[in-house]
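Participant: Have a look at the structure that comes next, please.
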Amino acid sequence: MQNLDDEYSIPDPAPDAAPVGDFDSLIRGKERELRPYISRMEELRLQFIDELVAFAAQMFDTLARRYVVRYPEVTLGMGKENLASMKALVVGLQRKAPKIVTNVLSDPGIWWHLAPSLHDTSQYEILGNSFVGNRFPEKIDKAVRRVLGELGKVLEQFGFSVVTRVPQEKGGEEFWFLVPENGLSAPEPYYPHMLVWSEEMQNTIQKYNSQYKNALVIYVEIVKLRDEQKRQQASKLWDST
């Protein structure tokens, strides 16, 4: 994969490069140009949070019901009282969905506009075809699955074949957890099966991706201006020493 630093590398300054004093105004102009995109991307982030809250609340019930029916021996074996307790916990998850989603989706690493960078090569485009279905942007999809993974704790508690932590021995359980890439943090709840987002969520991320592409072009120009400003300042300092 081509390095962004190479892709957006800056050539030696042209003879008619802007004077050092002009760079501040040029950069401010580009920042003003970028600001509406950042604002719109934040609106879309908040909209996606609302849509994921509704999606997660529905999926908590749908998935719980699916496991209850898929594993009748577990369901019938727990008795009506335990089943009622499990159902109450699922309802509790539905009520806590706004807090769960907000906590997960507030991570600046998920959203480019919260921490713009040339080193973040994340794309927000939804890919797919009629053979394999849609493939959702990895960072966002992981966040969605982390939210839904909270249900795994309930399923595990009531004897379904689910584990939400690294097991001591390998068995036939479903692994409802994700080990962070740094390998240092505790495993996070994670929904491991095929998942299709709601239409609303898909539309919102597609809009975010469009804003991201436009914003990135402007941000690259800002970085180039800042780097060229530093070069000219360094050259001027050398000449004056």
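Participant: Looking only at segment 174-212, which residues are assigned to a helix (DSSP H, G or I) and surrounded by fewer than 13 Cβ atoms within 10 Å (Cβ to Cβ)?
Facilitator: Result: 199, single match.
Conditions tested, residue by residue: (1) of a type in the set (S, T, N, Q); (2) modelled with pLDDT under 85; (3) part of a loop (DSSP other than H, G, I, E, B).
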residue: 141; (1), (2), (3): no, no, no
residue: 146; (1), (2), (3): no, no, no
residue: 152; (1), (2), (3): no, no, no
residue: 156; (1), (2), (3): no, no, no
residue: 160; (1), (2), (3): no, no, yes
residue: 166; (1), (2), (3): no, yes, yes
residue: 169; (1), (2), (3): no, yes, yes
residue: 172; (1), (2), (3): no, yes, yes
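Participant: For residue 52, state whether it is surrounded by 13 or more Cβ atoms within 10 Å (Cβ to Cβ), more than 26 Å from residue 204 (Cβ to Cβ), modelled with pLDDT of 95 or more and out of contact with any Phe, Trp or Tyr (no Cβ under 7 Å at 6 or more places or on another chain).
Facilitator: So residue 52 fails the test.
Participant: I've got another one for you. Output yes when any residue across segment 58-72 is assigned to a helix (DSSP H, G or I) and within 14 Å of the chain's Cα centre (by Cα), and no when none is.
Facilitator: Among the residues of segment 58-72, not one is assigned to a helix (DSSP H, G or I) and within 14 Å of the chain's Cα centre (by Cα), which makes the answer no.
Participant: Select from segment 111-124 the residues that are at pLDDT 90 or above, outside any helix (DSSP H, G or I) and touching a helix residue (DSSP H, G or I) at 6+ places or on another chain (Cβ under 6 Å) and list them in ascending order.
Facilitator: Matches in segment 111-124: 111, 116, 124.
Participant: I would also like to ask the following. Could you grab me the full set of residues in segment 101-110 that are touching a helix residue (DSSP H, G or I) at 6+ places or on another chain (Cβ under 8 Å) and either over 13 Å from residue 51 (Cα atoms) or assigned to a loop (DSSP other than H, G, I, E, B) (or both)?
Facilitator: Across segment 101-110, the qualifying residues are 104, 107, 108, 109, 110.
Participant: List the pairs whose first member sits in segment 223-241 and is among the aliphatic types (A, V, I, L, M), whose second member is part of a helix (DSSP H, G or I) and surrounded by 15 or more Cβ atoms within 10 Å (Cβ to Cβ), and whose Cβ atoms are under 7 Å apart, counting only residues at least 6 apart or on separate chains?
Facilitator: 225/23; 225/26; 225/27; 225/30
Participant: Related question: Of these, 234, 215, which one is among the small types (Gly, Ala, Ser), under 30 Å from residue 134 (Cβ atoms), out of contact with any strand residue (DSSP E or B) (no Cβ under 8 Å at 6 or more places or on another chain) and in a helix (DSSP H, G or I)?
Facilitator: Selected residue: 215, the only one of 234, 215 that is among the small types (Gly, Ala, Ser), under 30 Å from residue 134 (Cβ atoms), out of contact with any strand residue (DSSP E or B) (no Cβ under 8 Å at 6 or more places or on another chain) and in a helix (DSSP H, G or I).
Participant: Considering only residues of segment 127-139 that are at pLDDT below 90 and not polar (S, T, N, Q), which is farthest from residue 217 (Cα to Cα)?
Facilitator: Top of the filtered list is 131.
Participant: Would you check if residue 47 is at pLDDT 95 or above, under 27 Å from the mean Cα position of the chain (by Cα), surrounded by 14 or more Cβ atoms within 10 Å (Cβ to Cβ) and assigned to a helix (DSSP H, G or I)?
Facilitator: When the stated conditions are applied, residue 47 passes them.
Participant: Now, a different point. Limited to segment 227-241, what total is found for residues that are crowded, with 16+ Cβ neighbours inside 10 Å and either under 25 Å from the mean Cα position of the chain (by Cα) or not acidic (Asp, Glu) (or both)?
Facilitator: Residues that pass the stated criteria total 2.
Participant: Can I ask one more? Within segment 18-28, is there a residue that is surrounded by 11 or more Cβ atoms within 10 Å (Cβ to Cβ), in a helix (DSSP H, G or I) and at pLDDT below 60?
Facilitator: Yes, segment 18-28 contains at least one residue that is surrounded by 11 or more Cβ atoms within 10 Å (Cβ to Cβ), in a helix (DSSP H, G or I) and at pLDDT below 60.
Participant: Kindly provide the set of residues from segment 86-103 that are surrounded by 14 or more Cβ atoms within 10 Å (Cβ to Cβ) and of a type outside the set (Val, Ile, Thr), ordered by number.
Facilitator: Selection gives 86, 87, 89, 93, 94, 96, 97, 98.
Participant: Against the definition (closer than 29 Å to residue 111 by Cα and of a type outside the set (Ser, Thr, Tyr)), how does residue 88 come out, yes or no?
Facilitator: When the stated conditions are applied, residue 88 does not pass them.
The values are calculated or read from the model by the stated rules, or taken from the named source; none is laboratory data. Since this is a predicted model, take the numbers as computed values, not measurements. With ideal geometry, Cβ positions are generated from the backbone for all residues, glycine too; neighbour counts draw on all protein chains shown.
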